[in-house]
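In what follows, a structure is listed as structure tokens, so that the remarks can point back to it.
Every number in this text was worked out from the coordinates using simple rules, so none of it is lab data. Everything numeric here is computed off the predicted structure, so don't read it as measured data. So basically every Cβ, Gly included, is an ideal-geometry build from the backbone, and we count neighbours across all protein chains shown.
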Amino acid sequence: MADLLFCSHYPFSSAAKAYVSERGMEIVSSYVEKAEERVREAIVSGKVRKVPALSEAQEEELALYAIARMIVSCANNRYLINRYAVSEAKKTSDYLSSDASARPDYVDAVAAEFGIRFEKDGAHFLVPLGKYLTYTPRSTDYKLANREVSAGKVKVSSHERIRMLEEAVKKKIERELPIRAAFPAEVKAAGARMLALLPKLEATVVKVGQENYPPCVRRMIEELSLNVNLPHTARVALAIYLVRAGVPTGKIVDIFRGAPDFSEKTTHYQVEYLRTKGYSMPSCATMDSYGACVAECRCGTPLNYRANVHGRALKKEEGAKA
Amino acid sequence: MSLLIQTQEEKFLHRRFSDYYSKSAVGVRGLEKREFGFGGWEKKIEFRHLAFRNEGELRARLVSEAPLYISHSVAYYEFPDARPMPNKNWQGSDLIFDLDTDGSACGHVCGKFTCQKCLDAVKADAVKLIEEFLLPDFGFSKSELAVNFSGSRGYHVHVVSDAIYDLDREARREIADYVSGTGLSFERLFWNEGKKFFGPSPSQGGFGGKFARAFVSRLSDDAFARSIALKLRKPEEKEKLKSAISMGNWDNIGITNREKKLSEKFEEMKLTMAGRIDANVTADTSKLIRMPDSIHGGSGFAAKRLSSPDAISSFEPMRHAPVFKGAPMRVKATETVPALNICDHSFGPIPSGEARELPEACAIYLICKKAAVIA
């Protein structure tokens, strides 16, 4: 499909890639500047602007998308990559929403990029179970148990169909970046400038009883500081732990600052909510089922972990295994 | 690295297990990509990160070591013996459902000797899992399901399918939660539209449909019908309600507090609608699970692979899973052994300290249970 409109709406698509490789693309300074602006806006405001409906602008869009990816790759920082991915995915979602009525075949083509075929079912759509689980956000809204599931297919609304594709685009960009290649000096310089946009993290995040944080908690904190997108279950467990360990809300919010989709207000609200609800700490078995358990410390629940007891046993065991 | 053999019972089991592996076919789909784990008297998995290139290599190891427990990963790895885990390079996993009786279906506590009632109950759970979830809801075909007895007191269902191959832990956790009805919420299945009250219809998929079907079918029970509204004792009122529910309209219940009442019924019925599985096993993409057709060291029974999911209904663990048919042997009970029936041989109760001559399968069962020693 050499359809320039489609390609400009969905520059991550294989059609767009084919379009670019057919015509070739030059990296000119004016493009690099615009691409840098695109990345900056994505990081700062969480948005990427839509393209004016002019064929030059559409051609340019393909170049800007490609160069923006190079810039983000040069910055080579998980937070920037994930934040950029979220923004591009949001823009895709805007396009999909408008294309859904005007150009429904566009939506099908984007779904096909991810090997998904949505089957029309009245006002709804049916999607294969595996794709549903892979591309829906893990939230109570999408809890499978409350869904219509039949013959390996899950029913979703037209809005949810687009939400799934947004998630798919986000995951694709997160997975593909950084691109490892030699980039022009101009692009590298732009990438370096992006690092200035990183949120300022405090060097030492928490002091309270930190020596007794179990390996799973340490790992989650470390991953957050590396801007890894922790699953919801892990975030909740970490927040409960920190609340229970007596860490003040402000400090907990600071720890979550590294999350690529971090929002100060939401995090603050959620931590306070956990605090007032007084949720109990998930057991080690539950942590394991979340995929959050990283060591066999045999402490029962992460809150029980004490470095001088479990930590020692752990070291001993690791020594024996080695 | 090998398993330490100490007592004469261990020596004996080692010899007999080795005989078994020298004569039986062993193997599993994608064997060269699986991680294996062996266990002994003390721990079900003492060594892991083992890998074998083919069935011959695996069998040779089983014949020489004859471990009491043999497990393989549900995962397929590029380098199954690499350590630590990330270096194995995970490629995908089968989807596993682990059903285990907690030994309470019988009303008393079974302890180590699982009773027939409990074995029947867990079998019914397995049939329910397959017939009410795996086939109709998840759409797996029977050829994608491999069912085996766990070797002790439950069943394992392995789903081998491209549809689930590369799902991560969280996705699998959703599947497990679905089966066990975790996170199921009345408020998400029923909703108000103005003054109207809508909910699931019996023809729809998922728990909504399950509830609607169960509800409609229970309406024929007068006590149930009356507990919802007195007028439902009249057959024509029942029919009116049924036909409204068939359209997803739950409004036509002439009762006050209909939401509260329905949600109470829902909470009460969801337990019977849900399946009983170990959700942690399903969610674990690197779980080691008993190798089908290997011997379970806690019973001396085979983790018998069933020829098809349908074969489960005629499968009797105490009759079909024992593997040893050698000469009778004399064993002495080290604790009180209840009345048992293994391979159609009834024996016991045996008071602690008393010796009996028993068919080999019965004797090995007691030895594996650590309830008897060779006399």
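Quick notes
- Virtual spin-label span in nm between B:Ser286 and B:Asp19, 7 Å along Cα→Cβ: 3.9 nm
- With neighbour counts taken as other beta-carbon atoms within 10 Å, the residues A:Val187, B:Val331 rank, fewest first, as A:Val187, B:Val331.
- Helix B:206-218 and the longest principal axis of the C-alpha atoms of chain B enclose an angle of approximately 70°.
- Of B:Phe36, B:Thr272, B:Pro86, farthest towards positive along the dipole that unit charges on Lys, Arg, Asp, Glu beta carbons give chain B: B:Thr272
- In degrees, nearest ten, helix B:235-245 long axis to first principal axis of chain B (Cα): 70 degrees
- The percentage of C-alpha pairs in the protein assembly as shown whose separation is greater than 52 Å is 22%.
- Mean sequence separation of contacting Cα pairs (under 8 Å, at least six apart), scaled by the length of chain B, corresponds to a relative contact order of 17 percent.
- Point-charge dipole on Cβ atoms (K/R +1, D/E -1) for chain B, about Cα centre, debye to 20: 600 debye
- Relative contact order (percent, whole number), region B:1-115, Cα cutoff 8 Å, 6+ residue spacing: 24 percent
- Cβ-Cβ FRET estimate between B:Glu132 and B:Tyr165, R0 fixed at 25 Å, reported to 0.05: 0.60
- A Förster distance of 60 Å, applied to the separation of the beta-carbon atoms of B:Thr334 and A:Val236, puts the FRET efficiency at 0.80.
- Rounded FRET efficiency, nearest 0.05, which uses the C-beta distance separating B:Glu357 from B:His320 and R0 of 25 Å: 0.60
- With neighbour counts taken as other beta-carbon atoms within 10 Å, the residues A:Leu242, A:Leu5, B:Leu306 rank, fewest first, as A:Leu5, B:Leu306, A:Leu242.
- In chain B, the calculated helix contribution to ellipticity at 222 nm averages -9500 deg cm²/dmol per residue, counting -39,500 (n - 2.57) for every DSSP H run with n ≥ 4.
- Dipole moment magnitude, nearest 20 debye, the protein assembly as shown about Cα centre, only Lys, Arg, Asp, Glu C-beta charged: 1520 debye
- Listed by chain and number, the aspartates and glutamates whose alpha-carbon sits under 14 Å from that of B:Lys33, ignoring those within fewer than 8 places in the same chain, are B:Glu55, B:Glu57, B:Glu78, B:Asp81, B:Asp94.
- Here the 3J(HN,Hα) profile of region A:98-104, calculated from phi with Karplus coefficients 6.51, -1.76 and 1.60 at θ = phi - 60°, is 6, 5, 4, 8, 6, 9, x Hz, Gly and Pro shown as x.
- For region A:30-44 versus region B:1-57, the spacing of their alpha-carbon centroids is 60 Å.
- Selected from B:Val179, B:Val216, B:Val63 as most flexible by GNM, with chain B as the system and alpha-carbon contacts under 10 Å: B:Val216
- Range in chain A, longest, excluding exposed GluC sites (Glu not before Pro) [loop by DSSP; at most 15 other beta-carbon atoms within 10 Å]: A:27-201
- Taking each DSSP H run with n ≥ 4 as -39500 (n - 2.57) and averaging over every residue of chain A yields -18000 deg cm²/dmol at 222 nm.
- In degrees, nearest ten, helix A:232-244 long axis to first principal axis of chain A (Cα): 40 degrees
- Neighbouring partner chain Cβ atoms per residue of A:133-140, average, 10 Å criterion: 3
- Above-threshold pairs, the threshold being 19 Å between Cα atoms, out of B:Lys196/B:Lys261; B:Lys287/B:Lys369; A:Lys91/A:Lys172; A:Lys155/B:Lys265: B:Lys287/B:Lys369; A:Lys155/B:Lys265
- When each of the peptides B:91-99, A:102-110 is scored by the mean number of other C-beta atoms lying within 10 Å of its residues, the order from highest to lowest reads B:91-99, A:102-110.
- Exposure proxy ranking, count of Cβ atoms within 10 Å, fewest first, for B:Ile130, B:Ile70: B:Ile130, B:Ile70
- Mean per-residue shielding of peptide A:287-300 is 2, counting Cβ atoms of other chains within 10 Å of each Cβ.
- With a 10 Å cut-off around each Cβ of A:150-162, the average count of Cβ atoms from other chains is 3.
- Mean separation of Cα pairs under 8 Å and 6 or more residues apart, divided by the residue count, gives chain A a relative contact order of 17 percent.
- Built amide H within the under 5 Å cut-off of B:Glu335, gap 5+: B:Gly353
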